[in-house]
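One structure is given here, and the rest of the page talks about it.
Please treat every number below as a calculation from the coordinates, not as lab data. This one's a predicted model, so the numbers in the text were calculated from it and none came from an experiment. Cβ placement follows ideal geometry from the backbone for every residue including glycine, while neighbour counts extend to all protein chains displayed.
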Amino acid sequence: MRCKGVIEELRPVIPEGEYEGMLVDIRELDCCYGARLLLDFALSGGGELDGHMVSGVADAELHEDTKLGHWVAAILGRVPEVGEEVTADDLLHRQCRLVLRHRTHGFGQVLAGIFHILPATVNPKPEDSGEAKDKR
């Protein structure tokens, strides 16, 4: 089979920091180190980087103390119960916060990688935050 590609413009390196994001795809990878998952996130939140994609790789083992376990808990907003089945449908298109850090590829290319995933930001209603009580 022949393969051909078209060189595209260089994508900007996303600055390190914390971003709103949404999980848009999960793919299985077979690696020499065992089964892994590639999680693709689209940045959101109303900035100029909306729609830019970032990816992270995690071992496919889902335990409370694994990277995937931490990521799933952050995406769901809770730690799943032991024995609970979590599917891609439970995770896809859910908001979360992504902490990005730079790393340098072996060829000197700088990449923004997912350092940590946090639950989505929840904006409390004014009556829930005590602001409404102060305005009486």
Worksheet item: Summing Lys, Arg as +1 and Asp, Glu as -1, what charge do residues with Cβ under 11 Å from the Cβ of ILE14 carry, ILE14 excluded?
Response: 0
Fill in: Relative contact order computed over the range 17-134 (Cα-Cα under 8 Å; 6+ residues apart), in percent
24 percent
Worksheet item: Roughly how many nanometres apart are two label points built 7 Å out from the Cα toward the Cβ at ASP50 and GLU18?
Response: 2.1 nm
Worksheet item: Dividing the alpha-carbon radius of gyration of the chain by 2.2 N^0.38 Å (N being the number of residues), what value is obtained?
Response: 1.28
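Starting with the fewest neighbours, write out PHE107, PHE41 ranked by other beta-carbon atoms found within 10 Å of each beta-carbon.
Ordered by Cβ neighbours within 10 Å, fewest first: PHE107, PHE41.
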Response to the item:
Charge tally for neighbours of VAL110 with beta carbon under 14 Å away, counting Lys, Arg as +1 and Asp, Glu as -1, is +2
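Rounded to the nearest 20 Debye, what is the dipole magnitude of the range 17-134 about its Cα centre when Lys and Arg each give +1 and Asp and Glu each give -1 at the C-beta?
Approximately 460 debye in magnitude.
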Fill in: Cut-off 15 Å between beta-carbons: net charge of the residues surrounding LEU29, Lys and Arg +1, Asp and Glu -1
-3
Response to the item:
The exposure ranking of TYR19, TYR33, fewest beta-carbon neighbours within 10 Å first, is TYR33, TYR19
Fill in: Order of THR87, THR121, THR66 - criterion: other Cβ atoms within 10 Å of each residue's Cβ, fewest first
THR87, THR121, THR66
Worksheet item: Between ALA120 and TYR33, what length in nm is gained on full extension when 0.36 nm per residue of separation is reduced by their alpha carbon distance?
Response: 28.2 nm
